[in-house]
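In what follows, a single structure is set out as structure tokens and then discussed.
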Amino acid sequence: MNIKQTAEKYITDVLSGEVVACKWVKLAAKRHKDNLKKQDTEQFPYHFDEARAEHVIEFVHYYCVHVKGELDKKPLILQPWQIFITWVIFGWLDRDDYRRFRTVFIEVAKKNGKSTWVAAIALYMLIADGEGGAEVYSAATTKEQARIVFSDYARAMVAKNKELQKVIKLSRHALTDADTETSSFKAVAADVDSLDGRNVHCAIIDEYHAHKTDGVYRIMSDGMSSRAQPMTIIITTAGFDPDVPCVDEEEYAQRVLSKKATNETYFGIIYTLDEKDEWTDKSVWLKANPCLGVSKKVKAIESDFQKALDMASEQSKFKNKNLNIWTKNRFGWIKDTDWSAIEKQFDIEEMKGAPACAGIDLATVIDTAAYSLAFAWEGGFRMFTKIFLPGYGIAEREKKERFEWRKMAEDNHCILTPGRTIDYDFIQAELEKDMDLYDIKEIAFDPFNSSQFVANLEKLGWEKYLVEFSQGWKLISPAAKNLETKVINKTLSVLPNPVVSWEVSNAEIKRDTNGNIRPVKPETRQSSKHIDAVFSQLMALEMAVRNVKKRSVYEDHGVEVLSF
């Protein structure tokens, strides 16, 4: 079977179920197939070049060798999953015939041959990619970690292959092209004096879960601005710390794969278990271990499994190491699947004049602000939310938060207000418009940072509608439990909005000793995670529930006539 046939068979087998794969692998395969159907159209300026993809894989098969174990010095023949990924990331080109994918995120369980594979790709980028003065780096937080791909694998490949030695010059700290010595491959780390000033063609970032900050990743990416077709390859397994940038990267890859974010130059794939899978079910282990039975020995994983069954303390380690599962709970609150199940495209026109309650969270003037409106409707509740944020510096915000704010605004999913800070007049204007459309009974607001906004509403004569809703445990906990219950029981419908669903997915839960709950931002990633929509929803829905309970007993039971 040739390279093309192997790649296409893997794609077909993944989508048909012949290959055991999780949803993220299936989505990656489907994305490629869907792209092939629309290549070189006006809306999709990319085309697939089989020869370019084959060139990389043929280089690996012909020049690269295994450097450890029973296959030492034997040709490195990529497995179908590796061929699929290599085929896709190198085969797609733009209209100028430059590579489409600039960032590649691959997450897979340990011992699946990822370091050997990316070391071979690094050598290709060094001498065979046609890039003059190529600078290739294995980048990590420590020099020791950075040397794994560079020294333990790439340098060892050259040392064990005379054909590579004809074109690559070996030294302790660098590999250079033998002809001009202008292209180089080195290991670099954050503990060196400076990583700035590099003209990066390819950066390999191994075990990204171990990075406490995204500093190395950012510096490598920033150093690619003068290259025509650079590539950052992030390859990692899941970790134990939920507050590292790898978690954000995984979430972003999932959003791209599920079409909640659009980035045509980003490739992501995650080999792990699906949510419904039981970790004790051996039949699903292949989802996280595409090299199970090849580089990863079945006996080894079964030995670890038995230890996990015998010792509860070993279960987290087994799930993390062998099943690519993040094992320290982030205390995530509402599941994406639960939220998407209550998203309904209802007609707001039919709700004109209906009783409603509003919730407003102003947050800070540089954060996002949110306004929600909740209705009691047909035995349940309906709700929609509007998001506001300042338009100034929106490009930098998008880069920092990895969120398509401008596109969201163009699609009417959020409102960009002019200036550096949120213009609360825009929120007031929306509220005034809705006051004319609906019978708004109450407007709940968080007193923090809202004095001027409230004063403006009072000038309109709206004092009777305003309800102070402080965000302490006493009020927030029952409101949060109310929202959670209605989501789970599907007695709430929300108007679909990708900004709102993103903010809901950001919310984590903090608990106190009395069983109270409170939505919170992820602690160490607060600058890029917003949950203001959640608080506006809590307030609006809680007010709507209270108003239903306030109904007169005469409405519920009718008027009773007493006779004497």
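Here are a few things to note about the model shown:
- Note on segment 387-401: residues that are outside any loop (DSSP other than H, G, I, E, B) and touching a residue at least 24 places away in the same chain (Cβ under 8 Å) total 6.
- Residues in segment 222-250 that are buried (at least 18 other Cβ atoms within 10 Å of the Cβ), outside any loop (DSSP other than H, G, I, E, B) and not aliphatic (A, V, I, L, M): T232, T236, P245, C246, E249, E250.
- Within segment 442-450, not a single residue is surrounded by 14 or more Cβ atoms within 10 Å (Cβ to Cβ), part of a helix (DSSP H, G or I) and of a type in the set (S, T, Y).
- Segment 55-86, subset among the charged types (D, E, K, R) and part of a loop (DSSP other than H, G, I, E, B), residue nearest to I148 (Cα to Cα): K68
- Of residues in segment 333-386 being among the acidic types (D, E) and part of a helix (DSSP H, G or I), the one farthest from E442 (Cα to Cα): D336
- Of the residues making up segment 451-469, those that are surrounded by 12 or more Cβ atoms within 10 Å (Cβ to Cβ) and part of a loop (DSSP other than H, G, I, E, B) are L460, W462, F469.
- The number of residues in segment 63-82 being among the β-branched types (V, I, T), out of contact with any Phe, Trp or Tyr (no Cβ under 8 Å at 6 or more places or on another chain) and more than 27 Å from V14 (Cα to Cα) comes to 1.
- Candidate set: segment 55-88, residues that are crowded, with 22+ Cβ neighbours inside 10 Å and polar (S, T, N, Q); chosen: the one nearest to K399 (Cα to Cα): T86
- Only one of the numbered conditions (1) of a type in the set (D, E, K, R); (2) crowded, with 17+ Cβ neighbours inside 10 Å; (3) modelled with pLDDT of 90 or more is not met by D367, and that is (3).
- In segment 89-111, the residues that are over 30 Å from T41 (Cβ atoms) and either buried (at least 24 other Cβ atoms within 10 Å of the Cβ) or within 22 Å of the chain's Cα centre (by Cα) (or both): E107, V108, A109, K110
- One residue stands out in segment 177-193 among those that are in contact with a Phe, Trp or Tyr (Cβ under 8 Å, 6 or more places away or on another chain) and buried (at least 19 other Cβ atoms within 10 Å of the Cβ): the one that is farthest from P75 (Cα to Cα), namely V188.
- Residue count for segment 335-383 satisfying the condition of being out of contact with any strand residue (DSSP E or B) (no Cβ under 6 Å at 6 or more places or on another chain), of a type in the set (F, W, Y) and under 20 Å from P519 (Cα atoms): 1.
Rundown of residues vs (1) hydrophobic (A, V, I, L, M, F, W, C); (2) closer than 21 Å to S171 by Cβ; (3) without any contact (Cβ under 8 Å) to a residue 12 or more places away in the chain, yes/no style:
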position: Q39; (1), (2), (3): no, no, yes
position: E107; (1), (2), (3): no, no, no
position: A119; (1), (2), (3): yes, yes, no
position: E131; (1), (2), (3): no, yes, no
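- Only residues that are surrounded by 19 or more Cβ atoms within 10 Å (Cβ to Cβ) and without any contact (Cβ under 8 Å) to a residue 12 or more places away in the chain were counted across segment 488-546, and they come to 0.
- Some residue of segment 289-310 being over 29 Å from K490 (Cα atoms), buried (at least 21 other Cβ atoms within 10 Å of the Cβ), touching a Cys at 6+ places or on another chain (Cβ under 8 Å) and at pLDDT 95 or above: no
- The residue that is surrounded by the fewest Cβ atoms within 10 Å (Cβ to Cβ), among those in segment 18-54 that are outside any helix (DSSP H, G or I) and over 25 Å from the mean Cα position of the chain (by Cα), is E42.
- Test result for S115, closer than 30 Å to N320 by Cβ, touching a residue at least 24 places away in the same chain (Cβ under 8 Å), polar (S, T, N, Q) and surrounded by 18 or more Cβ atoms within 10 Å (Cβ to Cβ): yes
- Residues of segment 377-407 that are surrounded by 14 or more Cβ atoms within 10 Å (Cβ to Cβ), aliphatic (A, V, I, L, M) and modelled with pLDDT under 95: L389, I394.
The values are calculated or read from the model by the stated rules, or taken from the named source; none is laboratory data. This one's a predicted model, so the numbers in the text were calculated from it and none came from an experiment. Positions of Cβ are backbone-derived with ideal geometry, glycine not excepted, and every protein chain shown enters the neighbour counts.
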